[in-house]
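Shown next, in structure tokens, is the structure this report addresses.
Throughout, read-outs are computed from the coordinates displayed, never taken from laboratory work. Since the structure is predicted, the reported quantities are computational estimates derived from the model, not experimental observations.
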Amino acid sequence: MAGHGIFCTPFADIYPLYVAKAERKGLTGVVCGVRVEEVEDPLMQRIRWMDKLVDELAKGKKMEKILRG
């Protein structure tokens, strides 16, 4: 995944997209089909974890329960 555009994108540009995603999901939705544990690139893995976190929050789970594992 070297050279992926997300690596060059400032977090300030991504944050509003995550907020919009959480609002759009309206506490429903499915976690992305990519298994985070299988992503080899460490930066992309962190990006996928953030995406998964947003999905879990959008489902209505509390942060304490999500981060507990």
* To do: Under 1.5 on a/c is rounded, so check that first for the stretch 5-68, then, if it is not, pick prolate when a/b is larger than b/c and oblate when it is not; a ≥ b ≥ c are the square roots of the alpha carbon gyration tensor eigenvalues.
  => oblate
* To do: Under 14 Å Cα to Cα from K59, which aspartates and glutamates show up? Leave out anything in the same chain fewer than 8 places away.
  => E23, D51
